[in-house]
Amino acid sequence: MRLIDAEYLLYGMGMFSEKENGTEFMKGVDAVAKMIDDAPTIAQSGWIPCSERLPVNESKDVWEEYEVTVCESHYPTCSYDLCDAPYSKEIVTTALFDDEQKIWHICRSKEAINALLKEEDYPLNGDTVLAWKPMSEPYQEEA
């Protein structure tokens, strides 16, 4: 499969069709433009924002592993923390998801996170799962 920039292709077809006057040619250009518009859009990254939807585990196991983008944040909460500068960074790691209880378990930090939190309810200190995708296939040497 090959990904294309449909907007660029449609723009180019429009520029090309202005130079041609044939009715049959224009019907063909319109037909191809409709095919491009109707084609499904393929997300390159495969990441699914948690705000759009959460995973549904396909196995009978309660916990299933996913790749996740996590926002790790820390903000001072008391005077002892003032020497630490606040920070927020995004990292990619793995997490287990329980689709019955809607809980993420971040593997690297061993932290359990409520998957139903809205963005305005994210904690100031801790991890938040922003997006997820199914686990990638492991590397295999070519035979």
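The values are calculated or read from the model by the stated rules, or taken from the named source; none is laboratory data. Model, not experiment: these values are computed from the prediction. Using ideal geometry, Cβ is built from the backbone for each residue, glycine included, and neighbour counts are taken over all protein chains shown.
Points worth noting:
- Residue check, Asp121 assigned by TED's automatic domain parsing to the domain that holds Val70 and crowded, with 16+ Cβ neighbours inside 10 Å: no
- Selection count, segment 107-134, where residues are closer than 20 Å to Lys60 by Cα and at pLDDT 90 or above: 3
- Just one of the listed residues (Val32, Val70, Val56, Val92) is in a loop (DSSP other than H, G, I, E, B), at pLDDT 65 or above and among the β-branched types (Val, Ile, Thr), namely Val56.
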